[in-house]
Amino acid sequence: MIYDTPIVIMKLPDTVGTPIQGKLQPTENAYCGEMKVFHQRYWDSVQAGSRIDTMVEIPLRRDVMAGMFALYKGHVYSIEQAQFGEDKDGLPVTILSLKRAEGFYDVAAV
């Protein structure tokens, strides 16, 4: 996969509960490749009480986890799931399932 799109991984400070109460803090910058979210995966996530708008693949980062946020293509997404595995070439990767955050998260972005 070609990693050609920048993504900023962010998190809330430990003392803050919501982005309205504080500003998202960038933890790392990376480049990612966008993956397809097919209808079966989308509806499976909806039935599980979530929603996945897009998926991206980045080089292996074990410190990225669900509950963090990502600034991707000018919008803030919440990270719904982080999966660790290998790509088709056997290289270690992290696959992030992203949910488009509501409009007020964009205000709290960097």
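Listing for the model above:
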quantity: Residues that are under 17 Å from Ala101 (Cα atoms) and either part of a strand (DSSP E or B) or at pLDDT 65 or above (or both), drawn from the range 15-28; calculated: Gly22, Lys23, Leu24, Gln25, Pro26
quantity: Those residues of the range 29-50 which are open to solvent by 70 Å² or more (accessible area, probe 1.4 Å) and at pLDDT 75 or above, in sequence order; calculated: Asn29, Tyr31, Glu34, Lys36
quantity: Residue among Leu71, Leu12 that alone is over 11 Å from Leu98 (Cα atoms) and either open to solvent by 60 Å² or more (accessible area, probe 1.4 Å) or at pLDDT 80 or above (or both); calculated: Leu12
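The values are calculated or read from the model by the stated rules, or taken from the named source; none is laboratory data. Here the structure is a predicted model, which means the values were calculated and not measured. Just the protein is used for accessible areas: all its heavy atoms, side chains included, with ligands, DNA and RNA removed. Shrake-Rupley method; radii C 1.70, N 1.55, O 1.52, S 1.80 Å.
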